[in-house]
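Comments concern the structure below.
The values are calculated or read from the model by the stated rules, or taken from the named source; none is laboratory data. These numbers were taken from a predicted model, which means no experiment stands behind them. Reconstructed Cβ throughout: ideal geometry from the backbone, glycine too, with neighbour counts over all protein chains shown. We work out accessible area using only protein heavy atoms, side chains counted, and drop any ligands, DNA or RNA first. Shrake-Rupley method; radii C 1.70, N 1.55, O 1.52, S 1.80 Å.
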Amino acid sequence: MTLVELTRDLAAIPSHEDATAAGDFLEDWLRTETDAAVTRDEAGNVIARTGTGAETLALVGHHDVVEPAASQVANADSNAAGAGHGTGEYVVEERDGRLYGRGTADMKGALAAALLAFREADPAGELVFASFVGEEVGGVGARYAIDEGFAPDYAVVGEGSTNYSGPDVTDVAVAHKGRRGSTITARGTAAHASEADAGENAIYRATAAVDRVRDLAVPAVDVAGETLEGRLTVTEIEGGSAMNVVPARCTVTVDERTVPGERAALERVADLEGVEWAVDQDLPPMRCEDRAFADAVRAAADAAQAGEPELVTKPHATDAGWLAEAGTECVIYGPSEPGEAHTDDESVSIDVLERCRETYRQVAEQWPGE
């Protein structure tokens, strides 16, 4: 089976609502094509191990995807209320040197490249293939695996790192931002608007909290010659019940892009009267602290392509954040390009898939070194 065939077969399996069938495919392929020890945990993660050594290198990805557009599903029902409602598998098409379809870029193409590299490599130490579920909904599978003891020393996570430093270059990402989503709740006292002084306006309290958010300093760190900057953005506000009623409650949501190290002091909004702050989601950032590992992956990447890969940073949170938080040294290296993931015309370059396959194989055979 070629890399294109493997990618097509894997990407065609629906896995936006239930990733079980995609996990079945991965598990069956590994048991048939390799002599590795293969496990499937209760969350649905597929993990395979081969080779021996004191240190472990993992090739990591995920087999869940976001909901497809109607055009990305075979036999889709055009009368359905939402996109992607159909009875068939996902449509995967090859044209102009690319594979088009939901999940080709994010990230079943990288999974296929990792599968073949895992099968072909003569690993320098213990080599692990791991495909998680639930990455698209906050790292459910990665967190479960970590809680159950998944703890490789090093990991190459196959999320997108192509065309970051320049065209037709697959770079090595050594850091990425995290995401913390939170809700500010302002409470007041309802009153008729004709007697507004009899109440406490929750919207006024909420806007005071918004002003405080705008005044907060946002941390930044220097990584790989770049400045990775955090960001705070108020994204939603909701309050009030009627035009003539002083509102008793108002909520504000905040999207925060975090960087390794300090966080913005959002908890300070709770110092305001009648204001509460709660974290709804906290996806950790990632930074590789082992320069030798990052350089080894870059050397393998350099040998696999004509361009000159660089150490770069990514703006998006990935499962590498959970692994790094648990103590694994991570880098990101994968075929997806900026702007490809989650789109209605998602696609991946076949040449870059082959590049990733060769890079993964070389890293597995050279790291950890003696």
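Under the condition of being part of a loop (DSSP other than H, G, I, E, B) and small (Gly, Ala, Ser), the residues counted in the stretch 170-206 number 3.
When restricted to residues that are within 27 Å of the chain's Cα centre (by Cα) and either within 20 Å of ASP215 (Cα to Cα) or open to solvent by 30 Å² or more (accessible area, probe 1.4 Å) (or both), the stretch 230-275 contains 23.
Candidates in the stretch 48-81 are the residues that are more than 30 Å from GLN366 (Cα to Cα), among the small types (Gly, Ala, Ser) and open to solvent by 50 Å² or more (accessible area, probe 1.4 Å); of these, the one that is modelled with the highest pLDDT is SER71.
Within the stretch 276-290, the set of residues being outside any strand (DSSP E or B) and either under 14 Å from VAL210 (Cα atoms) or out of contact with any Leu (no Cβ under 9 Å at 6 or more places or on another chain) (or both) comprises PRO284, GLU289, ASP290. Residues in the stretch 312-332 that are open to solvent by less than 20 Å² (accessible area, probe 1.4 Å) and under 18 Å from GLY225 (Cβ atoms): VAL312, THR313, LYS314, VAL331, ILE332.
Filtering ASP28, ASP35 for residues that are farther than 14 Å from ALA145 by Cβ and assigned to a helix (DSSP H, G or I) leaves a single hit, ASP28. Return a yes/no flag: does the stretch 207-216 have any residue that is in contact (Cβ under 8 Å) with a residue 24 or more places away in the chain, in a helix (DSSP H, G or I) and out of contact with any helix residue (DSSP H, G or I) (no Cβ under 8 Å at 6 or more places or on another chain). Yes, the stretch 207-216 contains at least one residue that is in contact (Cβ under 8 Å) with a residue 24 or more places away in the chain, in a helix (DSSP H, G or I) and out of contact with any helix residue (DSSP H, G or I) (no Cβ under 8 Å at 6 or more places or on another chain).
Inspect the stretch 335-343 for any residue being within 21 Å of the chain's Cα centre (by Cα), crowded, with 24+ Cβ neighbours inside 10 Å, touching a residue at least 24 places away in the same chain (Cβ under 8 Å) and within 21 Å of GLU226 (Cβ to Cβ) and give the result as yes or no. Yes: one or more hits. Reported count of residues in the stretch 282-301, each being open to solvent by 40 Å² or more (accessible area, probe 1.4 Å) and under 30 Å from ASP255 (Cβ atoms), is 3. Among the residues of the stretch 149-158, those that are under 21 Å from VAL174 (Cβ atoms) and open to solvent by 40 Å² or more (accessible area, probe 1.4 Å) comprise ALA151, ASP153.
In this structure, GLY51 does satisfy being in contact (Cβ under 8 Å) with a residue 24 or more places away in the chain and touching a strand residue (DSSP E or B) at 6+ places or on another chain (Cβ under 6 Å).
For the stretch 191-219, a tally of residues being more than 42 Å from the chain's Cα centre (by Cα), aliphatic (A, V, I, L, M) and open to solvent by less than 60 Å² (accessible area, probe 1.4 Å) returns 3.
Could you check, for the stretch 347-356, whether at least one of its residues is assigned to a helix (DSSP H, G or I), open to solvent by less than 40 Å² (accessible area, probe 1.4 Å) and of a type in the set (Lys, Arg)?
Yes, that holds for at least one residue.
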